[in-house]
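Since the structure comes first, as structure tokens, the remarks are kept for the end.
Since every read-out is calculated from the coordinates, none of them should be taken as a lab result. Source: prediction; values computed, not measured.
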Amino acid sequence: MEPKALLDALHVAERLKDTPRHCYTSGGRRESVAEHSWRISLMAYFVADLFPEADMDKVIRMCLIHDLGECFTGDIPTFRKTQADEAREERLLYEWVASLPQPYCDELRALYEEMAARETLEAKIYKAMDSMEAVIQHNESDIRTWEPHEYELNRSYGWDKVAFSDKLTALRAAIREETERKIAAEQPPNA
């Protein structure tokens, strides 16, 4: 990529550093979309040995780019995002992707289409990382930042995304145990 085009793309992506997500960090500040994308990429790196048949470089690329549409729309939590929100985000993302030079525009478009279809092993792994990281981050945040519906959401979110893999199902179960310990610790002893 030529220097000007690269800088333009990086300036757009930089917006994710300042785009807050719904969740808080363990230190008490709002998490950014960029931080979420970084950690799901790290998760994919750490589970690579579980999937020797997968192209984990592709999974990591998916994790890195998965929320670039939020450069244009901001983050809308899954439980608030409408089909209209999703359509707008996709339209703006694809317009931006189309403006990128070759081969990046074609490569990104193909990755996004594969991710949306969720038929390949790589797309399934990426989506599992995306879902589980959100729950992990909630477990790390102060429970006082949770909305009432998030108690059940933290218990149930993402199970459908890990069902294809016994190993990821086991990881999701360990995350659920953390959720239960966090919720139990909030309860007064005589409750």
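Relative contact order for the stretch 3-186: what is it in percent, counting Cα pairs under 8 Å that are at least 6 residues apart?
Averaging sequence separation for qualifying contacts and normalising by length gives 23 percent for the stretch 3-186.
Excluding same-chain pairs closer than 8 in sequence, count the lysine pairs in the stretch 3-186 whose Cα atoms lie under 14 Å apart.
Number of lysine pairs found: 5.
Springs between alpha-carbon pairs under 10 angstrom, Gaussian network model over the chain: which of His138, His149, His22 fluctuates most?
So, out of His138, His149, His22, the one fluctuating most is His149.
What residue among Arg172, Arg144, Arg91 shows peak mean-square fluctuation when the chain is described by a Gaussian network model with Cα springs under 10 Å?
In this elastic network of the chain, the residue with the biggest mean-square fluctuation among Arg172, Arg144, Arg91 is Arg144.
For the stretch 3-186, just the Cα set please: Rg and Dmax, both in angstrom.
Calculated on Cα positions, Rg and Dmax stand at 16.7, 53 Å.
Would you mind pulling out the separation of the Cα centroids of the stretch 124-152 and the stretch 41-120, in Å?
Cα centroid of the stretch 124-152 versus Cα centroid of the stretch 41-120: 19 Å apart.
Using a Gaussian network for the chain with springs between C-alpha atoms less than 10 Å apart, which of these wobbles most: Glu89, Glu177, Glu35?
Answer for the Gaussian network model of the chain: Glu177.
Please give the calculated 222 nm ellipticity per residue for the chain, where each DSSP H segment of at least 4 residues contributes -39500 (n - 2.57) and the sum is spread over every residue; nearest 500 deg cm²/dmol?
Calculated from helices alone, the mean residue ellipticity at 222 nm is -20000 deg cm²/dmol.
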